[in-house]
Amino acid sequence: MKQDTNEALIALAMKARENAYCPYSGIAVGAALLTETGEVFLGANMENASFGPTLCAERVAFGSALAAGHRKFKRIAVVGAKKECAPDRHFPPCGVCRQVMAEFCTGDFEILLSDGKSTRVLTLSELLPHGFGKEHF
Ligand code: ZN
């Protein structure tokens, strides 16, 4: 399976979701981040009893890719639902994750949201209009 299709990315995000550590919210989220060079990095949310250190699946995927030296990205697939349930709605990235995406991605970066039946493709500029960024320094 080619990893750079939307369907493949969503399938990988679904797989990553299985490894979510979410004992507090019970909501498992998976992400699959495609780099400009065609590699895919996975993320799953990792919660913490102190809540503040909790990381979303999207930021885990970005951290993993950054640690491997990647800085340019094409798109990310995100899926989420209660741990014991299959995704049944689109799970958009939270505001913090949108800001992290804005650090490394341009406005045309694509965010794929899947509920297991349909896929919605949004751009970062749609999700974070008028965002704060490097250009403000
Ligand atoms: Zn988030």
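What residue, of Gly69, Gly107, Gly116, is modelled with pLDDT under 95 and part of a loop (DSSP other than H, G, I, E, B)? Let's see the steps before the verdict.
Numbers: Gly69 fails: modelled with pLDDT under 95; Gly107 fails: modelled with pLDDT under 95.
One residue alone meets the criteria, Gly116.
What's the number of the only condition in (1) open to solvent by less than 50 Å² (accessible area, probe 1.4 Å); (2) free of Cβ contacts under 8 Å to residues at least 24 places away in the same chain that Ala32 fails to meet?
Unmet for Ala32, out of (1) open to solvent by less than 50 Å² (accessible area, probe 1.4 Å); (2) free of Cβ contacts under 8 Å to residues at least 24 places away in the same chain: (2).
How many of the residues in segment 6-24 are among the acidic types (Asp, Glu) and either outside any helix (DSSP H, G or I) or surrounded by 21 or more Cβ atoms within 10 Å (Cβ to Cβ) (or both)?
Step one: of segment 6-24, the residues among the acidic types (Asp, Glu) are 7, 18.
Right, trim to either outside any helix (DSSP H, G or I) or surrounded by 21 or more Cβ atoms within 10 Å (Cβ to Cβ) (or both) and you get 18.
The qualifying residues number 1.
Mind listing whichever residues of segment 59-104 are within 13 Å of the ligand (Cβ to nearest atom), over 23 Å from His130 (Cβ atoms) and either surrounded by fewer than 16 Cβ atoms within 10 Å (Cβ to Cβ) or over 12 Å from the mean Cα position of the chain (by Cα) (or both)?
Answer for segment 59-104, where residues must be within 13 Å of the ligand (Cβ to nearest atom), over 23 Å from His130 (Cβ atoms) and either surrounded by fewer than 16 Cβ atoms within 10 Å (Cβ to Cβ) or over 12 Å from the mean Cα position of the chain (by Cα) (or both): just Gly63.
Evaluate the following for Ile27: is it within 15 Å of the ligand (Cβ to nearest atom) and under 22 Å from Thr5 (Cα atoms)? First the steps, then the outcome.
Values: within 15 Å of the ligand (Cβ to nearest atom): yes; under 22 Å from Thr5 (Cα atoms): no.
No.
Let me spell it out: the conditions are (1) open to solvent by less than 40 Å² (accessible area, probe 1.4 Å); (2) away from the ligand (no atom under 16 Å from the Cβ); (3) closer than 20 Å to Leu42 by Cβ, and Gly107 meets all of them except one. Which number is the exception?
(3)
Which of the numbered conditions does Ala102 fail, given that it passes all the others? Conditions: (1) touching a residue at least 60 places away in the same chain (Cβ under 8 Å); (2) assigned to a helix (DSSP H, G or I).
(1)
Taking segment 119-136, which residues are modelled with pLDDT of 95 or more and either outside any loop (DSSP other than H, G, I, E, B) or among the small types (Gly, Ala, Ser) (or both)?
Thr119, Arg120, Val121, Leu122, Thr123, Leu124, Ser125, Glu126, Leu127
On the given criteria, is Ser64 under 12 Å from Val29 (Cα atoms) and among the hydroxyl-bearing types (Ser, Thr, Tyr)? First the steps, then the outcome.
Details: under 12 Å from Val29 (Cα atoms): no; among the hydroxyl-bearing types (Ser, Thr, Tyr): yes.
Criteria not met by Ser64.
Please specify each residue of segment 80-99 satisfying the condition of being farther than 22 Å from Glu36 by Cα and in a helix (DSSP H, G or I).
The answer is Gly95, Val96.
Please verify whether segment 116-123 includes one or more residues that are touching a residue at least 60 places away in the same chain (Cβ under 8 Å), within 16 Å of the ligand (Cβ to nearest atom) and aliphatic (A, V, I, L, M).
Taking every residue of segment 116-123 in turn, none turns out to be touching a residue at least 60 places away in the same chain (Cβ under 8 Å), within 16 Å of the ligand (Cβ to nearest atom) and aliphatic (A, V, I, L, M).
Considering segment 98-137 alone, what residues qualify as being among the hydroxyl-bearing types (Ser, Thr, Tyr) and touching a strand residue (DSSP E or B) at 6+ places or on another chain (Cβ under 7 Å)?
Restricting attention to segment 98-137, the residues satisfying the condition of being among the hydroxyl-bearing types (Ser, Thr, Tyr) are 106, 114, 118-119, 123, 125.
Passing the criteria: Ser114, Thr119, Thr123.
The values are calculated or read from the model by the stated rules, or taken from the named source; none is laboratory data. In this text, all values refer to a predicted model and were calculated from it rather than measured experimentally. All Cβ positions, glycine included, derive from the backbone under ideal geometry; neighbour counts span all protein chains shown. We work out accessible area using only protein heavy atoms, side chains counted, and drop any ligands, DNA or RNA first. Shrake-Rupley method; radii C 1.70, N 1.55, O 1.52, S 1.80 Å.
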